[in-house]
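The values are calculated or read from the model by the stated rules, or taken from the named source; none is laboratory data. Source: prediction; values computed, not measured. Reconstructed Cβ throughout: ideal geometry from the backbone, glycine too, with neighbour counts over all protein chains shown. Please note that ligands, DNA and RNA were not included when accessible areas were found on the heavy atoms of the full protein model with its side chains. Shrake-Rupley method; radii C 1.70, N 1.55, O 1.52, S 1.80 Å.
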There are 2 protein chains.
Amino acid sequence: MNVKVTVVRDILEANERLAAENRALFDRHEVRVVNLMSAPGAGKTTLLEKTVAALSGELRIGVIEGDIQTSLDAERIERAGARAVQINTDGACHLDANMVAAAVSKLELPALDLLVIENVGNLVCPAEFKVGEHAKAMILSLAEGDDKPLKYPLMFKESRVLLINKMDLQPHVNSDPARIEQAARQINPAIEIFRVSCKTGEGLEGWYGWLRAL
Amino acid sequence: MNVKVTVVRDILEANERLAAENRALFDRHEVRVVNLMSAPGAGKTTLLEKTVAALSGELRIGVIEGDIQTSLDAERIERAGARAVQINTDGACHLDANMVAAAVSKLELPALDLLVIENVGNLVCPAEFKVGEHAKAMILSLAEGDDKPLKYPLMFKESRVLLINKMDLQPHVNSDPARIEQAARQINPAIEIFRVSCKTGEGLEGWYGWLRAL
C-alpha cells in the first residue's frame with residue numbers, strides 16, 4: 001500500500017512540474033487558459049460552440065478537446081469556427097500536463113488570446129491533475145441532481161467558476177439550483193456561479209464576462 | 001513510464017484475485033451480484049429505490065453504496081426497505097474488490113438473494129475493476145446525449161445490460177435513444193437494453209425480469 005501511495009505521489013509531482021512549464025509557456029505568449037471539467041454529457045462542448053460563436057469577434061480562441069476516443073468534439077468546435085486539437089487518451093480518465101503539452105505544440109500560441117482545454121467527462125479524476133491552466137471551470141447539469149457538490153467535493157473545491165447548465169430542464173427534473181449553490185459555496189465560498197442554458201442562451205452573458213475578465 | 005505501467009498491471013492483477021475470492025463467497029451463499037455503474041446523476045440510487053420497492057416481496061435484496069463522500073445514498077436505500085452498507089472511497093474514483101470485501105463483511109449473506117453494488121458515479125474508471133460481480137449493469141441518462149457509447153466505449157463493452165434512463169425527458173433534450181442503442185450494440189452486440197424512466201416507471205418491468213433471471 002505504501003508503494004502504491006508513493007508512486008501516485010511521484011506521478012502527481014511530475015505532473016505539477018510539467019503543468020508549471022505549460023503555464024510559463026502560456027504566460028510567455030499571453031494566452032489565458034481555462035481547464036473545463038464536468039461529468040459526461042453536462043454540456044462542455046455545446047458551451048464551447050456557443051462561446052466561440054459569441055466571442056470570436058473579440059477574442060482569438062483555441063480549444064484542446066480531451067476524449068478517451070473519437071474526434072467528434074474537435075470537429076464540432078472547428079465547425080463553430082475555432083482552431084481545435086483533439087487528444088485521445090485511449091482509456092485514461094483525465095488529461096494530464098504531458099498530454100496537454102503535446103497538443104499545445106500543434107497550436108499556434110501567438111495567434112491566440114484564450115485557450116480552453118476541455119477535459120475528459122469525469123467528475124472525479126480531472127480535478128486532481130493540473131495541466132497549466134490559469135483557472136479551472138466546471139459545469140454541472142441540472143439533470144444530474146442537487147446532491148452532487150456533497151458527493152464529489154474536490155471538483156467544486158478546485159473550480160473558480162461553476163456553471164449550472166440545462167436550466168431549461170428545471171420544470172422536468174427534481175433538482176433545486178439553490179441547493180446546488182448553497183452546497184457548492186459551503187465547499188468553496190469564493191466560487192462564482194452562473195445558472196445557464198446552452199439551449200436557450202439563458203445566463204451565458206455572465207460566463208462570457210468572466211472569460212473576458214480572466 | 002514502464003514502471004507506471006507495471007504498477008498499474010500489478011494493481012489490476014491483485015484486484016482480480018480479490019474479486020475472484022469475493023465471487024466464490026457470493027456463490028457459496030447463492031447470492032447473485034450486480035455491479036451497477038453510470039456517470040454521476042444518471043439515476044442509480046433512484047433505480048435501486050424503485051427496484052427494492054418492487055422486488056422485495058420476492059427477493060431478499062442488499063445494497064452496497066459506493067460514494068467518494070457522504071452516506072446519503074445508503075440512507076435512501078434503507079428508507080426504501082433494504083439493508084445497505086455505505087463505502088466512502090475518500091477520493092478514489094471507483095470501487096475495487098478490497099473495498100467491497102470489507103463492506104460484504106458487514107452484510108449477512110445467508111439472508112440475501114441479490115446484492116447490488118452501486119459504484120462511484122463515473123463513466124470511465126469503474127469499468128476497469130471487477131469487484132466479484134456476476135454481471136455489470138450500466139445506466140445512461142438520456143440527458144447525457146447520444147454520443148456517449150462512442151466516447152466512453154469500455155463501460156458499454158463490459159456491461160451485460162444498459163438502461164437508458166430519464167426517457168421522460170425525451171421531448172426536452174436533443175438525444176435519440178435509437179442512436180444510443182445502435183452505437184452500444186456496435187461496441188457490444190450482446191448487450192441487453194431497456195428504455196426506462198425511474199420517474200414514470202416506464203420500462204422498469206424489463207429490468208426487473210432481467211434481475212429475476214440473473
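Test A:Leu123 against the stated conditions and say whether it is assigned to a loop (DSSP other than H, G, I, E, B) and open to solvent by 10 Å² or more (accessible area, probe 1.4 Å).
Working: assigned to a loop (DSSP other than H, G, I, E, B): yes; open to solvent by 10 Å² or more (accessible area, probe 1.4 Å): no.
For A:Leu123, the condition - assigned to a loop (DSSP other than H, G, I, E, B) and open to solvent by 10 Å² or more (accessible area, probe 1.4 Å) - is not met.
Identify all residues within the range B:30-48 that are farther than 14 Å from B:Asn119 by Cα and either open to solvent by less than 50 Å² (accessible area, probe 1.4 Å) or modelled with pLDDT under 95 (or both); write none if there are none.
Applying the first criterion (farther than 14 Å from B:Asn119 by Cα) to the range B:30-48 yields B:30-32.
Within the range B:30-48, B:Val31 is the sole residue that qualifies.
For the range B:69-85, which residues satisfy the criterion of being within 13 Å of chain A (Cβ to nearest Cβ) and open to solvent by 40 Å² or more (accessible area, probe 1.4 Å)? Outline the logic, then answer.
Here is the first cut: in the range B:69-85, the ones within 13 Å of chain A (Cβ to nearest Cβ) are B:69-76.
Scanning the range B:69-85 gives B:Gln69, B:Ser71, B:Leu72, B:Glu75, B:Arg76.
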Filtering the range B:126-147 down to residues that are facing chain A (nearest Cβ under 10 Å) and in a strand (DSSP E or B) yields B:Leu140, B:Ser141
Please name all residue pairs, on different chains or six or more residues apart, with Cβ atoms under 6 Å, provided the first residue is in the range A:72-95 and is free of Cβ contacts under 8 Å to residues at least 40 places away in the same chain and the second residue is of a type in the set (Lys, Arg) and surrounded by fewer than 21 Cβ atoms within 10 Å (Cβ to Cβ).
A:Val85/A:Lys106
For the range A:102-112, state whether one or more residues are hydrophobic (A, V, I, L, M, F, W, C) and within 12 Å of another protein chain (Cβ to nearest Cβ).
no
Members of the range B:190-214 found to be in a loop (DSSP other than H, G, I, E, B) and either without any contact (Cβ under 8 Å) to a residue 24 or more places away in the chain or among the small types (Gly, Ala, Ser) (or both), listed by number
B:Ala190, B:Ser197, B:Gly201, B:Gly203
Does any residue in the range A:111-136 that is without any contact (Cβ under 8 Å) to a residue 60 or more places away in the chain come within less than 7 Å, Cβ to Cβ, of a residue that is among the polar types (S, T, N, Q) and surrounded by 24 or more Cβ atoms within 10 Å (Cβ to Cβ) six or more places away or on a different chain, and which pairs are these?
A:Val124/B:Asn122
Please verify whether B:Ile180 is under 18 Å from the mean Cα position of the chain (by Cα) and at negative phi, treating the condition exactly as stated.
no
Does the range B:167-178 contain any residue that is buried (at least 16 other Cβ atoms within 10 Å of the Cβ), in contact with a Gly (Cβ under 9 Å, 6 or more places away or on another chain) and either more than 12 Å from every other protein chain (Cβ to nearest Cβ) or not small (Gly, Ala, Ser) (or both)?
yes
Just checking, how many residues over the range B:146-187 are farther than 24 Å from B:Val120 by Cβ, free of Cβ contacts under 8 Å to residues at least 12 places away in the same chain and charged (D, E, K, R)?
1
